[in-house]
Structures are given as structure tokens and as C-alpha cells.
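There's a structure below that I have some questions on.
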Amino acid sequence: MKKRFYTFFPWLFVIGDILALHVALLVSMATLFYFGDFPILSGPLYATYIMIWLVVSLLRKDYKIGRTTEFESTLKRLFGSLLWFLAIVSIFWLPFRSDPSRIVFLISQATSLFLFLGLYRVGAHMVLKQYRKKGYNYRNAVILGKGSSSSELAKILGIRRDFGINFMGYYDDVASCNQTRGDIKIFYEEALKIKLDLIYINERLDVNTVKNIIDFAEEHYIKVKVIPHGSLQLEKKLSFSRYGDFFVINVNEIPLDNVFNRFLKRSFDIVFSLLVTVFILSWLIPIVGILIKLESKGSVFFIQERNGENSVVFKCLKFRSMTPNDYGDSQQAVKNDPRVTKIGAFLRNTSLDEMPQFLNVLIGDMSVVGPRPHTIPMNRVFKTQIEKYNSRHKIRPGITGLAQVKGFRGEIENPYQIRSRVKLDYFYIQNWSIWLDLKICLKTVIELIRNRESAY
């Protein structure tokens, strides 16, 4: 049954992919044709489209849906395949088209493909998980070496039946429980009888035992995975670096250490901040500047030094919302703060005072989404009081962030507020994705409309 599944599933996946691709292309062309005179794909070009997609999809092995991967991974893989597909199509199609609508046509194709292929692939992912949950397409697994990490894994495998991993018990020379099948010697006797597919090795086993187990597994085509000990069971994804034939675990690597991820986030920042600068700040700065000047003396902007990526100091821009005072760096604004001007109260209540920070984003000091930058004196204090506080400076600070859309914005009145902020910032840094950024941007808009209590 296992072999049959892996013989037929890739073909079923590809057939479904082609059907979804057909629907996406037809819907896109029909929509464009309805609204105007757009180019229609000829038969040969249509077939070429299909062939290019098949080659990209098969070379990238999109049909391989990991047992423990979530839907985000499926969409991320699809996004990568679409980028390759559109790049190839652009090279072989755009140079031969002179009509101005060709760019609109390509963008509409990309949008339609992502929508329909995304729906299909997430659906296929869900169906496969349910199929495995019912006891099909499973893998037999044992754990060699008992310990806290081993027990935690066994518990997860028991709960997450959708992984399709049938945990059969432990083998250990010392510890014993009702799930222990015997010692390591018994393992060698039973491994082939129970048709074993996966071996999880507790890292605390001695080196020679681990080597012998791996040699045995390789000889009998059994997959081996090592369970890191407790100190490495962190709230993040571990990755590995290779130095010749030697491997090391990258314990504190984050998604934005990846060059492509950094490029993607920076591209989003530049496009977003450029649009805001051209279409909003170009007229907002003169208007707000005049209103600020009419009410009180002083500069239009409040420029404050804050810690950015890797704690590098940068000058953060805001519209000045207070009368000039000596406590801007050390004293947070509070409700009914006498320092706040009338126009300043409006700016703070609508968060318009933060708008100049899009200029910080454009020049590279900040990001649209990230941990909110605190003043340097506040950072000095919190760094001594909050565990992992300084880790929030691993990436560029943001105009908005996960903590802000979860309700932790404005004045810090209680210690739990800053602790919650740091936890949410830490989660964001460890689990960054472009989808998370887009979700936070959308929630920020909703939060600005619904919740104004903490903005003062």
C-alpha cells in the first residue's frame, strides 16, 4: 500500500495541478476579454504554458507534501514555483509582444494562478492529512533511547495522527515503561520483523551505539532522525551548516538570515513606503507642518535617537506632537499629558504622528513591520529586567508589529505589558513570513479604526 501510494499520488497531484492551471488561465482570459481587448493565448502558446508549468513543478518536486509541514509551507513552495514560471514566461513571451496590455495580462495571470492553484494545493494538503489521520499512508517508527525529549516526541506522534507516523514503542538499555519493547539488542532482532520505516535516536545515546544504529539503518533502507536534547528543543526551526564533511546546528538562526527572505521583506518595504511617500506624505507633511507651526514654536519633526537592527542607533522621525520639553526621551506620554498640543493630540489619536517613519523605512533604518523601537534610555532599563529583551533588535524595527495588533501599544503601565511585547516580538522574529507581514498590515488598519483607547 505504501509503495502504491507513492507511485500514484504524484500523478494524481500533477493531474489536479493541470486542471487548476486550466481553470486559472481560462478565468483570467475570460475576465480580461470582458473588460477590454486583451491578448488571448493561442493553442500552441497555451500548450507551452502548460509544459513550462509542468517542468517547473516537477523539477521543484511540488508533489512532495511533508508529513509534518503545515499549509504555509505548501503556499510558500507554490509562490516559489510561480516566480520561476513567470520569469520563464516573461523571457520567452514579453519580448515578442508590443501591446501595452501585456504587463496587465501577465499580472492577471499571476494573480489567477496563485488563487486557483493555492486553493487546490491547500485542499490537496488537507485531504492528504485526513487520509493519513484515518490510518493510511503511515510510517512505522520507534524511538531508541528514552528521555524527556523522547517522551515529548512520542506524545506529539500520538496526538498528531495526521502526520501518519505510527509510533510502535521505545528501545532502551536502562529506562523502561509500558511502551518499552526491550533493549537496543532486541531492536536489532525486531527491526525487520515489524517493517520499520523510521528510527528516532535520542542524542544522549553513546557515540558507538548511534554509529551502529545508523549503519544498520542504511543497510536496510530505514530513515534515521536524531532527537536534540532538551537545551536544543527551542521555540524555533533548527537548521544546519556544512563545513566539508562536518555538520553543525545553527541554534539561533532566524528566517530573515536567509538572503531571499531579506530581499523579499526589503522589496515590500521599499514599494510600500515609496507609495506612501509619493501619494500621502507629499501633501501631508506640508499641511501638518503648517498646523504644527501655527500652534506652537519649534520644529515640524520630532527627531529621536532609537536602537535599530543590531542595536545600531538611528534617528527616528515623527511629527512633533508636544511642546518642546527636556523629557521627551525619558518620560512616556500619559493620558491627558499637558505636554501634548491640540494638533498633537489629534495626530497621536489617529497615529498620523508616526507617518514620517515611512521615510525611515525608505532609507533602510526601519521596516514597515517589526518590533516597535523604544527610546535608548528605556532599552537600557528593560534590557536588565526582561529576559531575551535585546533579541528584539536582531532585525529592523517596524512602524507596526505583532505586539501592536495584539493590543500592546501605547503607554507601558505594568511590567506584564512589556514582557508580553517582548514575547510577541520574539515570536515574530522566529516565525517571520511575508504572509505574516501582510496579515499584520491588514490588522493594523482594522486596529486603527476600532481601537483608539491606548493612543494618546
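Kindly identify region 349-445 as rounded, prolate or oblate by the Cα gyration tensor criterion: order the square roots of the eigenvalues as a ≥ b ≥ c, call it rounded if a/c is under 1.5, otherwise compare a/b with b/c, prolate if a/b is larger, else oblate.
rounded
Helix 2-35: angle to the longest alpha-carbon principal axis of the chain, degrees 0 to 90, nearest 10?
For helix 2-35, the angle is close to 30 degrees.
Please list, or write none, the lysines whose alpha carbon is within less than 16 Å of the alpha carbon of residue 146, excluding same-chain residues fewer than 8 places away.
155, 185, 225
Could you tell me how many degrees, from 0 to 90 and to the nearest 10, lie between the Cα long axis of helix 415-430 and the main elongation axis, the longest principal axis, of the Cα atoms of the chain?
60
Continuing with this model, one more query. On a C-alpha basis, how far is the centre of region 335-376 from the centre of region 387-433 in Å? Whole number, if you could?
Spelled out, the Cα-based centre of one part sits 16 Å from the other.
Separate question: Sort 153-161, 396-404 by the packing proxy (mean of other Cβ within 10 Å over each peptide's residues), most packed first.
396-404, 153-161
If I take every Cα pair under 8 Å that is 6 or more residues apart in the chain, average their sequence separation and divide by the length, what percent do I get for the relative contact order?
About 10 percent, as a whole number.
May I pose another question? Can you give the accessible area of residue 12 in Å² (nearest 10), computed on protein heavy atoms with a 1.4 Å probe?
Residue 12 has an accessible surface of roughly 110 Å² with all protein chains in place.
Further question on the same structure: Find how much the distance from residue 215 to residue 250 grows on full extension, using 0.36 nm per residue of separation minus their present alpha carbon separation; answer in nm with one decimal.
Between residue 215 and residue 250, full extension yields an extra 10.1 nm.
Using the Cα centre of the chain as origin and beta-carbon charges of +1 (Lys, Arg) and -1 (Asp, Glu), tell me which of 22, 440, 149 is placed farthest towards the positive end of the dipole.
Sorting the options by dipole projection puts first 22.
What's the magnitude of the charge dipole for region 136-279 around its Cα centre, counting Lys and Arg as +1 and Asp and Glu as -1 at the beta-carbon? Answer in Debye, nearest 20.
Roughly 500 debye, rounded to the nearest 20.
Something else: Given the DSSP H assignment, sum -39500 (n - 2.57) over each helix run of at least 4 residues in the chain and divide by its residue total; what's the result at 222 nm in deg cm²/dmol, nearest 500?
Here the helix-only value at 222 nm equals -17000 deg cm²/dmol.
Send over a whole-number figure in Å² for the accessible area per residue of the chain, probe 1.4 Å.
56
How far apart, in nm, are the 7 Å Cα→Cβ label points at residue 179 and residue 264?
For residue 179 paired with residue 264, the spin-label model returns 3.4 nm.
Which pairs break 20 Å Cα to Cα here: 76/134; 129/193; 134/223; 129/406; 133/439; 64/133?
From 76/134; 129/193; 134/223; 129/406; 133/439; 64/133, over 20 Å: 76/134; 129/193; 134/223; 129/406; 133/439.
Right, next: Charges only on Cβ, +1 for Lys and Arg, -1 for Asp and Glu: so what's the dipole of the chain about the Cα centre, in debye to the nearest 20?
I would put it at about 640 debye.
Can you put 239, 28 in order of accessible area, largest first, using a 1.4 Å probe?
239, 28
Starting from the Cα gyration tensor of region 169-218, take the square roots of the eigenvalues, sort them a ≥ b ≥ c, and report rounded, prolate or oblate (rounded when a/c is under 1.5, otherwise prolate if a/b is larger than b/c, else oblate).
In terms of gyration-tensor shape, oblate.
Go through [x] 34, 27, 19; [y] 52, 22, 20; [z] 48, 36, 17 and flag the label whose value is the computed semi-axes √(5λ) of the Cα gyration tensor in Å for this structure.
The value matching this structure is [z].
Give the carbon-plus-sulfur fraction of the accessible surface of the chain in %, rounded to a whole number; probe 1.4 Å, heavy atoms of protein chains only. Kindly include the intermediate steps, with their values, before the conclusion.
Values: 16210 of 25710 Å².
Heavy-atom surface of the chain belonging to carbon and sulfur, 1.4 Å probe: 63 percent.
Taking the 0 to 90 degree range and rounding to the nearest ten, how far is the long axis of helix 43-59 tilted relative to the main principal axis of the chain, both from C-alpha atoms?
Its long axis makes an angle of about 70 degrees.
The values are calculated or read from the model by the stated rules, or taken from the named source; none is laboratory data. Note that the structure is predicted; figures quoted are calculated from it, not measured. With ideal geometry, Cβ positions are generated from the backbone for all residues, glycine too; neighbour counts draw on all protein chains shown. Surface accessibility is based on the protein's heavy atoms, side chains included, excluding ligands, DNA and RNA. Shrake-Rupley method; radii C 1.70, N 1.55, O 1.52, S 1.80 Å.
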